[in-house]
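Let me begin by presenting the structure, written as structure tokens, before commenting on it.
Read-outs: derived from the displayed coordinates by stated rules, not from any lab. Source: prediction; values computed, not measured. Quick reminder, even Gly has a Cβ in these numbers, built from the backbone with ideal geometry, and neighbours come from all protein chains shown.
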Amino acid sequence: MSLIENLKSYSEGINVSSDKKKLLTSFFEKGFPTIQDEEWKYTSLKKLISEDYSIGKNGSILSDLDISNHSLGFENKIVFSDGKLISTPKIKGITFSDFSDFECSTADTFLQLNSALANNGFTIKVDSNTIVDEVIEILFFTNTENSFNQYRNQIIIGDNAEIKFVEKIQNLSNSTSFVNHFTQIDCGKNTNVEYNKIQNNTENSKLIDTMNIFQKEDSTCNINTLIFGGSFTRNNLNFEQNGSNCESNMNGVSILDKNQLADNHTFVDHKQPHCTSNEMYKGVYLGNSKGVFNGKIMVRQDAQKIDAFQSNNNLLLSENSTIDSKPQLEIYADDVKCSHGCTIGQLDEDALFYMRSRGIGITEAKAVLTYAFASEAIENISILEVKLLAQKLLAKKLNVDLDFSV
Amino acid sequence: MSEKKRQTEEELLEKVTSAEYKYGFTTDIESDTIPKGLSEDVVRIISAKKNEPEWMLEYRLTAYKAWLEMKEPEWANVTYDKPNYQDVIYYSAPKQKPVLDSLDDLDPEMKKMFDKLGISIDEQNKLANVAVDIVMDSVSVATSFKEKLGDLGIIFCSISDAIQEHPELVKKYLGTVVPHRDNFFSALNSAVFSDGSFCYIPKGVKCPMELSTYFRINEAGTGQFERTLLIAEEGSQVSYLEGCTAPMRDENQLHAAVVELIALDNADIKYSTVQNWYPGNAEGVGGVFNFVTKRGICYKNAKISWTQVETGSAVTWKYPSCILKGDNSIGEFFSVAVTNNFQQADTGTKMIHLGKNTKSTIIAKGISAGESNGNYRGLVRIAKGATNSRNFSQCDSLLMGDKCGSHTFPYIEVKNNSSKIEHEATTSKIGEDQLFYCNQRGIGTEEAIALIVNGYCKDVLNQLPMEFAVEAQKLLEISLEGSVG
């Protein structure tokens, strides 16, 4: 059975509201997007959706060892096992709760599917003026074979609050897993939020991750995406600036090999004046890997004095790796400074020669240069543990025994 | 910014929107026009009127059949009322079909028109050193310097003459770069094109003068569908210019042209366009729909360079492209696109790298004023076999006024790991500090803007042949007179 048939038989067995039914009907009529669809031009879903998945099943119980093995070691953890929320931390000023069925109108097929059928996820409410020093770690474990899971998460941050998150999705089964993940963050006035995504799942895991961020005035939001693992990763990162003086920062590092595919779609909607956005995505492609980048910056008519910067740099390090990049600027205001840059190239031969002539092996020399290339985006992460993990994973991926942290 | 200054700026902007299109006159020339509408019969009539051989009619009919099955593209970031293709006159020719011995025999009315447009069709005027082919409505009316070029073996004539006189060349190359089912507009053009220019440069010949085609829509309700085919044999070199104007009319006139360039081994083609079709009035009424397919193919060591200055048309849909098929071939694209009032432009280029060591450069400068929208849409594709390819792209946009928009849609697809691609784009307005600097030194605001805009476009204007560079600069001044961002 294919995914769409799995979904059909699953949805027949459950009761959903009439609104959701409508969404489902339109989804089944429309089906999944194809490469004819501009948003999916470079990423084919064909293989992904032709596989057979099990929906809504629970696997064996998670052991503490599983958790500690995959945790970054933070004390405050939110843990999910096959969709079920199994633990939440206790922090003053923050309310943690289970899935809440919040609304979000969208034309995106995967979000519609998520709206219609998701019944797992978390809700976090941060009270105004709460400043949290500790990092909140969110772990999503998949235990069932060939599972298809959907999460729908909401984070509401009160005015003047500051908070940091680290998120990881981990497949513990030996077979495939497919997660359709959606997170919405509402940033109150003068908030400061950092959200780190570590996408280092097993070789046959698939992920479609959509994150919608709504910012009020004077808020700063930083999203860091680190892609090392998984066979298929699609990130849709959308910012909507609804107040003046907002800052949206995005950093992304993808280091891929074998047949991995990573597709990063970002969209910043500058709706109000005096805002900034900074975007830096770095990609390193080895083996038969494929990278896609689509960065869109929209400046609305009355959003004057906007500074929007975007850069996408890529290293193609193997014969069969490919990259498709599409930076986009749509600008309807005149008093703005917007730029995008995109480069695709290789490691500098002279620099490699310089290092090799000083006794550094080719693999190590390449790794050092690659790290230097990616470090610009890694440097912007404020959490030391995440930064160290990124460095460790990079060394592992490049097959060298080097410690980049010193 | 002080309130007063903003006010003067608004006045200045007001002035821009009222800047008039000076080529908007119509000329009273008797013409032979067929009824409106498109059908297989119309295609047959056009072919018959031009006394074409059977294979040409076949070509047109296959294109027509393909067109019937195609849909008008909607992906471009422009909005317009789609033309009713049954409401267009597909063939209109000046009655006096000039089988001229010399240009002195030309209809005086027509001559007057070209004097008004400032185009020299006087062969005696050696100073200009430009051979001109003039296409009015659908038909080529005059070609100058034909004999002088003939001595070198260069064929420069209208495409209808070429079909009659050099069928082997036309048959060999027509539709090889832009196949008839390439897109909606190229299919339409292939079916109904009535004339255009044909140019053939023999092996090793360096064309001694600029070749030029001047396009003019005169008749009301007609569409202009011209076809240009330019073949540069091995080791030859040519510089080709094209200019266009149209009368002011309240209706939207359709222009769907196809240009094909073939640069064989070691050949060098430079193709420059100054496009100044009627852009419509300040309220966005009327104007020409400019839907053009331009593409060139480069064989070994060949080079194609597109330069365009786009100031006219209500809607522009145009992507001059290069297929870099041969090793070491070079493609270049230099563009200035100016939009004002309610104009919309979706323009850019495609660079398809197939051969090894191929290089391409893209410099696109957009200027948007009034309530217009300018788009850059480009594709750089590096195929797997295109080892050591290199691309550099730069797209800058300048915004003047807070109601205009400027957008960039670059597509970059790389399948080869020894290639280097750089792309950068910026959007900004003319800095207040830049203007202040000029004002401080006694340069008035308007002159300062002209200065800054000229500097901004310099990279592109420098690529134009001298005669055209002057015209382009003047056009820029007219289009943007007094606008402050």
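The table below gives the values:
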| quantity | calculated |
| --- | --- |
| The stretch A:121-174, relative contact order [Cα under 8 Å, separation at least 6], % | 56 percent |
| Average partner coverage of B:343-351, which counts Cβ from other chains inside 10 Å | 0 |
| DSSP beta bridges in the protein assembly as shown [antiparallel fraction, %, rounded to 5] | 10 percent |
| Cα lying deepest toward the dipole's positive end in the protein assembly as shown, options A:172, B:427, B:267, charges on Cβ | A:172 |
| Listed residue (A:63, A:85, A:48) projecting farthest to the positive dipole end of the stretch A:44-86, Cβ model | A:48 |
| Exposure proxy ranking, count of Cβ atoms within 10 Å, fewest first, for A:159, B:396 | A:159, B:396 |
| Average beta carbon contacts from partner chains per residue of B:427-437, 10 Å cutoff | 3 |
| Protection-proxy order for peptides A:79-92, B:176-189, each taking the mean of Cβ atoms within 10 Å per residue, highest first | B:176-189, A:79-92 |
| Simple label model, 7 Å out from Cα along Cβ direction - residue A:95 to residue A:44, nm | 4.9 nm |
| For chain A, built as a Gaussian network whose Cα springs stay under 10 Å, the top-fluctuating residue of A:270, A:70, A:181 | A:70 |
| FRET efficiency estimate (nearest 0.05) - Cβ-Cβ, residue A:288 to residue A:2, R0 25 angstrom | 0.55 |
| Among A:347, A:393, B:255 the positive-end extreme of the charge dipole of the protein assembly as shown (Cβ point charges) | A:393 |
| Gap separating the Cα centres of the stretch B:300-359 and the stretch A:32-78, nearest whole Å | 43 Å |
| Chain lengthening between residue A:305 and residue A:102 when straightened (0.36 nm per residue, less Cα-Cα) | 69.7 nm |
| Pairwise label distance in nanometres, residue A:244 with residue A:384, each label 7 Å out on the Cα-Cβ vector | 4.0 nm |
| Peptide ranges B:337-345, B:449-457 listed from the most packed, as the mean C-beta count within 10 angstrom indicates | B:337-345, B:449-457 |
| Exposure proxy ranking, count of Cβ atoms within 10 Å, fewest first, for A:211, B:70 | B:70, A:211 |
| Gyration tensor verdict on chain A (Cα atoms; rounded if a/c is under 1.5, prolate if a/b is larger than b/c, oblate otherwise) | rounded |
| Largest-first principal axis extents of the Cα set of the stretch A:331-406 (Å) | 54, 33, 18 |
| The stretch A:184-284: GluC sites (Glu not before Pro) in DSSP coil with no more than 13 other Cβ atoms inside 10 Å | A:203 |
| Nearest-20 debye value, the protein assembly as shown charge dipole, Cβ charges on Lys, Arg, Asp, Glu | 2040 debye |
| Burial ordering of B:194, A:115, fewest other beta-carbon atoms within 10 Å first | A:115, B:194 |
